[in-house]
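Scroll down for the structure; my scribbles are underneath it.
Values in this text are rule-based calculations from the coordinates and carry no lab data. From a predicted model like this one, the values you see are computed outputs, not experimental measurements. Positions of Cβ are generated from backbone atoms using ideal geometry, with glycine treated the same way; all protein chains shown enter the neighbour counts.
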Amino acid sequence: MKARRPSAFLCATALVAAGALPAAADDIVIGFAVAQSGFMQAYDEPATQAALIRIDEINAGGGLLGRQLRPVFADTSSDRAEGARAGLEVIEAGADLVVVSCDYDFGAPAALMAESNGKISFFLCAESVRAGIQGVGPHSFSASVLAPVQGATMVEWGHEVMGWNTYYVLLDTWTEYNRGICEGFDYKAPLIEGGEVVGRDTFVNDDASIAAQITRIRNLAEPPDAIMLCSMMPGVVSAIRQIRNAGIEVPILNGSGVDGSYWMDAVPGLSEFYIPVQGSIYGDDPDPAVEEFNQRFAERFGVRPSSQYAYPGYVMIDVWAKAVERAGSTDAAAVVAELEKMEGEPTLFGPRTFTSELHHQNQARYHIVKVDNGTPGVIDSWTISEPIPLDALVR
């Protein structure tokens, strides 16, 4: 099967990433079975671009094991059925590593294709534990931090720093990522002295109205200290707008999936909105090296990263290449063994640890971003007091 022709954007970046050199038989091929169209493109494209920057750096330094890295692409079209086909296409194009979409639900079809062919898959930024051993298999990893860590981070930071104790939980049941945020919240909240959930509701991402849920929040005897909203694009914007238009001004917490200012014009003057991020796209990251990366990204692609989800793409290539170098081979079993030895492996966006039981991060340092009158910025940093145990992640 011949790989489909990638978009003009990815054609251009692929040429740069390969150093504009002709393909060689001994190239190490990295196959990107990701969304070049559809709503997942907003997540997959920045992470893919960041991955290409790391590929450039490795190639400029002489390559990996003395060989050049060569990316190939197939478009999932943000469609699960197309994802499996895209995965097979890049495998047939010779991929040694299969890179799949940010979200578990949309990346799993390609990752499962890689697993069945004995290839390593890396989700660009999936944050469900199922995007790894527990859902795909022993060759599957994610470059990001688990969604439950985000929910746990927000409730622990909210209590310890802001003094919040009472919460209304509003879960968008559309994806595993959304459920993961709330699962992390539900794990950590009972461990916090005085923590109380005063109400709980669900909705689905494409619901036109959450009026009934908003009515239940307004009918509480006392407003909650904060709303724990577990949702993602595109429907989360409508939910936030409806909450604020109903006159509910209490703080709203969410996960990293809503990082970026590109959507905030739809909720004019948004304030008291808080999220955790691995690195800041806003020019205020406490680590100057992150802002240097943002500027390199802008020089290469003409725009700064649109959200923190660019960063795991860079991390993914970084840790995989280190494992290949240490294994002295691209053999999947050997590379997996080296990845599983990584404990606190330094990366530009925080340390990474992988084990034979977990191919994700169950504890991480997050920066806390607050949106004030439509302007986001880092106000604090927080690491949850202890990792979330495996049994709490897979329940």
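Working from the Cα coordinates of region 254-330, the gyration tensor eigenvalues give, after taking √(5λ), semi-axes of 30, 14, 11 Å in decreasing order.
Quick one: compute the contact order of region 117-271, relative version, from alpha carbon pairs under 8 angstrom and 6+ residues apart, as a percent.
On the way: 254 pairs, mean separation 32.1, N = 155.
Relative contact order for region 117-271 comes out at 21 percent.
At an R0 of 30 angstrom, the distance between the Cβ atoms of residue 292 and residue 326 translates into a FRET efficiency of 0.70. Just so you know, the averaged projected area of the alpha carbon convex hull for the chain sits at 17.8 nm². Here the scattering of region 263-395 is modelled by Debye summation over its C-alpha atoms, one equal scatterer each and no solvent; at q = 0.13, 0.15, 0.23 Å⁻¹ the log10 of I(q)/I(0) is -0.69, -0.87, -1.33. Counting charges near residue 24 (Lys, Arg +1; Asp, Glu -1) among other residues having Cβ under 10 Å from its Cβ returns a value of 0. For the chain, the longest principal axis of the C-alpha atoms and the axis of helix 235-245 are separated by about 20°.
In this structure the amide hydrogen of residue 202, modeled in the peptide plane, comes within under 5 Å of the amide hydrogens of 171, none closer than 5 places in sequence on its chain.
In angstrom, the C-alpha Rg and Dmax of region 253-294 are 11.7, 32.
For region 346-353, 3J(HN,Hα) computed residue by residue from phi via the Karplus equation (6.51, -1.76, 1.60; θ = phi - 60°) reads x, 9, 4, 10, x, x, 10, 10 Hz, glycine and proline entered as x. Put in line by how crowded their Cβ is, counting other Cβ atoms within 10 Å and starting with the fewest, 100, 369 read 369, 100. Each residue in 262, 274 was given a count of other beta-carbon atoms within 10 angstrom of its own, and listing them fewest first yields 262, 274.
For region 231-261 versus region 101-116, the spacing of their alpha-carbon centroids is 28 Å. Proximity of backbone amide H atoms, modeled 1.01 Å from N, is registered between residue 137 and 132 at under 5 Å, excluding neighbours fewer than 5 places apart on the same chain.
In order along region 262-274, the Karplus-derived 3J(HN,Hα) couplings, from 6.51 cos²θ - 1.76 cosθ + 1.60 at θ = phi - 60°, round to 5, 9, 6, 4, 6, 10, x, x, 3, 9, 6, 10, 10 Hz, and Gly and Pro are given as x.
Shape summary of region 310-376, radius of gyration then Dmax from alpha carbon positions: 15.1, 52 Å. Angle of helix 288-301 to the longest C-alpha principal axis of the chain, folded into 0 to 90 degrees and rounded to 10: 60°. Rounded to the nearest 10 degrees, the inclination of helix 104-116 to the longest alpha-carbon principal axis of the chain is 30 degrees.
Database remark: amide H of residue 64 closer than 5 angstrom to the amide H of 69 (H placed geometrically; neighbours at sequence offset of 5 or more, or on other chains; Pro and chain starts carry no H). Summarising the overall dimensions of region 118-171 from its C-alpha atoms, the Rg and Dmax are 15.3, 49 angstrom.
The label point for residue 117 and the one for residue 198, both projected 7 Å from the Cα toward the Cβ, are 5.4 nm apart. For region 176-235, the square roots a ≥ b ≥ c of the C-alpha gyration tensor eigenvalues yield an a/c of 1.5 or more together with a/b not exceeding b/c, which makes the shape oblate.
Normalised by residue number, the volume inside the convex hull of the Cα atoms of region 82-142 is 55 Å³ per residue.
Taking one quarter of the surface of the convex hull spanned by the alpha-carbon atoms of region 187-292 gives a direction-averaged projected area of 8.3 nm². Quick check: from the Cα gyration tensor, does region 44-102 come out rounded (a/c under 1.5), prolate or oblate? Oblate. Here is how the number arises for the chain: DSSP H runs of 4 or more residues each give -39500 (n - 2.57), the sum is divided by the residue count, and the result at 222 nm is -11000 deg cm²/dmol. Rounded to whole Å, the principal axis extents of the Cα atoms in region 234-276 read 24, 18, 17, largest first. Considering the zone a paramagnetic label at residue 381 would reach in this model (a point 7 Å from Cα along the Cα-to-Cβ line), which residues of region 287-326 have amide N under 19 Å from it? From region 287-326, the list is 287-295, 308-312, 315.
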